[in-house]
1. Can you tell me which residue among 222, 230 is crowded, with 18+ Cβ neighbours inside 10 Å and either at pLDDT 90 or above or touching a helix residue (DSSP H, G or I) at 6+ places or on another chain (Cβ under 9 Å) (or both)?
2. Please go through segment 3-47 and give me each residue that is in a helix (DSSP H, G or I) and over 19 Å from residue 126 (Cα atoms), ordered by number.
3. Could you please find all residues in segment 100-126 being in contact with a helix residue (DSSP H, G or I) (Cβ under 9 Å, 6 or more places away or on another chain), surrounded by fewer than 24 Cβ atoms within 10 Å (Cβ to Cβ) and in a helix (DSSP H, G or I)?
4. For residue 385, indicate whether it is part of a strand (DSSP E or B) and farther than 17 Å from residue 11 by Cα.
5. Among the residues of segment 140-153, count how many are touching a residue at least 12 places away in the same chain (Cβ under 8 Å) and either assigned to a loop (DSSP other than H, G, I, E, B) or over 18 Å from the mean Cα position of the chain (by Cα) (or both).
6. Determine whether residue 178 is surrounded by 22 or more Cβ atoms within 10 Å (Cβ to Cβ) and either at negative phi or modelled with pLDDT of 95 or more (or both).
7. Being assigned to a loop (DSSP other than H, G, I, E, B), under 12 Å from residue 194 (Cβ atoms), in contact (Cβ under 8 Å) with a residue 12 or more places away in the chain and out of contact with any strand residue (DSSP E or B) (no Cβ under 8 Å at 6 or more places or on another chain), is that true of even one residue in segment 127-139?
8. Can residue 212 be described as at pLDDT 95 or above and within 21 Å of residue 341 (Cβ to Cβ)?
């Protein structure tokens, strides 16, 4: 049995600075191997940042003429803090092809955000793209319902030797794919697996819904490969609560603050919809114990105690959730990463983004035991523990400052 673990992590975070030591390699890969529009590559080359923008609460809501109407419709307990701890969020740019060819341009396609994130992980890993033999993809908003994005992302990244799977457990998808990929590499079935997730909320955001300020845009990716013995995968555990399947759904509907006329567009589209109030309440009431259950299961399988965990990484659906889960498991706050205030809820991209930020800040070291935990719409819960490989830590480090 081979040791397997993450050897690289990367992300597409709109308007985020790309580390200087990675910029030219990323630009070169994108121009040489992908069909991405130049409008997505030029900001990296010229300004050292990803295409997109930072959206403030004032820009998105407070300055809008309908803000008071939106505020009046909020549940009473939310009016005093309508943004729930989100100070800003990231937004993808408009798709340049749609700007040139459509009356109503649309935001960046999820597959393009996923391609940017995947390329970032590939160049961070230092491995040749032809050595990647499998791509796993999860898209909160796929380009099409059928077929989904996996093979498209494999094509856009120029990964000619790789197969492609779609794997989806909603917000927990990255960690689910991590468990699967590490099993495949440990068994020898695969050698190098690229994991890619995206949450392009701009494609589906109903700005007039009460939860809309909590949502942002991002994509993230990681590469699982063989690592030195004693590093990588240590244990995992997952459970599902299928009875909550109808709680939060995509549903075609008009915006909450829409006024339908007999003429003109309805603006109806698929929006995230909190569909079943009873099940939503159940999710909230059980969230802590569900996460603790999978965390304890992973700890047991790894033969560890909470005190043995050096760093805690989780999905952050609302500002308080990650801290509540961490505290219930028994991990101190100094061993975790918070990014909700900057990125809001970026769904399946949240956990890998927090892992990347912690690595870039030097908060995770080779040999550290890292726990990754996430629920997915309240019905899928998973925890994976792995010992950070030297390659993973090196992939995020700036070689000009490393000792």
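1. 222
2. The answer is 38, 39, 40, 41, 42, 43, 44, 45, 46, 47.
3. Listed by number, the list holds a single entry, 123.
4. For residue 385, the condition - part of a strand (DSSP E or B) and farther than 17 Å from residue 11 by Cα - is met.
5. Narrowing segment 140-153 to residues touching a residue at least 12 places away in the same chain (Cβ under 8 Å): 140-143, 148-153.
Restricting the remaining residues to those that are either assigned to a loop (DSSP other than H, G, I, E, B) or over 18 Å from the mean Cα position of the chain (by Cα) (or both) gives 140-143, 148-149, 151-152.
Summing the residues that are touching a residue at least 12 places away in the same chain (Cβ under 8 Å) and either assigned to a loop (DSSP other than H, G, I, E, B) or over 18 Å from the mean Cα position of the chain (by Cα) (or both) in segment 140-153 gives 8.
6. yes
7. Going residue by residue through segment 127-139, those that are assigned to a loop (DSSP other than H, G, I, E, B) are 127-128, 132-133.
Filter once more, keeping what is under 12 Å from residue 194 (Cβ atoms): 127, 132-133.
Restricting the remaining residues to those that are in contact (Cβ under 8 Å) with a residue 12 or more places away in the chain gives 127, 132-133.
Within this subset, residues satisfying the condition of being out of contact with any strand residue (DSSP E or B) (no Cβ under 8 Å at 6 or more places or on another chain) are none.
The answer is no; no qualifying residue exists.
8. No.
The values are calculated or read from the model by the stated rules, or taken from the named source; none is laboratory data. Everything numeric in this text was worked out from a predicted model, so none of it was measured. Cβ atoms come from the backbone with ideal geometry, glycine included; neighbour counts cover every protein chain shown.
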